[in-house]
1. Give the range 3-15 a look and list any residue that's part of a loop (DSSP other than H, G, I, E, B) and surrounded by 14 or more Cβ atoms within 10 Å (Cβ to Cβ), or say none.
2. Report yes if some residue within the range 27-44 is open to solvent by less than 50 Å² (accessible area, probe 1.4 Å), under 15 Å from the mean Cα position of the chain (by Cα) and modelled with pLDDT of 75 or more; otherwise report no.
3. Could you figure out which of (1) open to solvent by 50 Å² or more (accessible area, probe 1.4 Å); (2) part of a loop (DSSP other than H, G, I, E, B); (3) modelled with pLDDT under 80 isn't true of Gln71?
4. Answer yes or no as to whether Gly57 is exposed (fewer than 10 other Cβ atoms within 10 Å of the Cβ), of a type outside the set (Ser, Thr, Tyr) and assigned to a loop (DSSP other than H, G, I, E, B).
5. Taking interchain pairs and intrachain pairs at least six residues apart, which have beta carbon atoms under 8 angstrom, with the first residue in the range 95-118 and within 18 Å of Leu75 (Cα to Cα) and the second open to solvent by 100 Å² or more (accessible area, probe 1.4 Å) and β-branched (Val, Ile, Thr)?
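The values are calculated or read from the model by the stated rules, or taken from the named source; none is laboratory data. The structure presented is a predicted model; accordingly, all values stated were derived computationally and were not measured. A quick note on method: Cβ atoms are made from the backbone with ideal geometry, for glycine too, and the neighbour counts reach across all protein chains shown. For accessibility, only protein heavy atoms count, side chains too; no ligands or nucleic acids. Shrake-Rupley method; radii C 1.70, N 1.55, O 1.52, S 1.80 Å.
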Amino acid sequence: MLFRKDVGAKRFLIVDAAMNDWRARRCTTLIMRFIRCTIRKTGGFIADIVGPVCESGDYLARGRRIRLLEQGEGLVVATAGAYGYVMGSQYNSRPRPPEVLVHGQKWTVIRERETLEDLVRGEHIPVEL
């Protein structure tokens, strides 16, 4: 989680996953399952889980009961669906996220997170126009 924002009685968890990463979420009624990466006992609350792009459609879940997360703590999106990565984009110059395969208690990164260098690879500044 990047940070938490409280606006009146409404709470937002801003995570490093935006609408460009989860385009299928905007096109379907997919209900994503979220799991904290750390195990500790904390109280739960109701919050919207949103991305940092700051557009009205940049949400992963609305009104979701979730246990309290600390800044920097990881959150697993366990039900991304079959179209998570392939429907993602580099909108707003955001590198695409890594893909992680989980089987039981084991996990491995199967596609590395893109870098800023990946975003501009292949671009050239013309010498003469």
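1. Quick first cut of the range 3-15, residues part of a loop (DSSP other than H, G, I, E, B) only: 8-9, 15.
Hit for the range 3-15 is Val15, nothing else.
2. Checked the range 27-44: no residue is open to solvent by less than 50 Å² (accessible area, probe 1.4 Å), under 15 Å from the mean Cα position of the chain (by Cα) and modelled with pLDDT of 75 or more.
3. (3)
4. Values: exposed (fewer than 10 other Cβ atoms within 10 Å of the Cβ): no; of a type outside the set (Ser, Thr, Tyr): yes; assigned to a loop (DSSP other than H, G, I, E, B): yes.
Here the answer is no, as Gly57 does not meet what is asked.
5. Glu99/Ile110; Val100/Ile110; Leu101/Ile110
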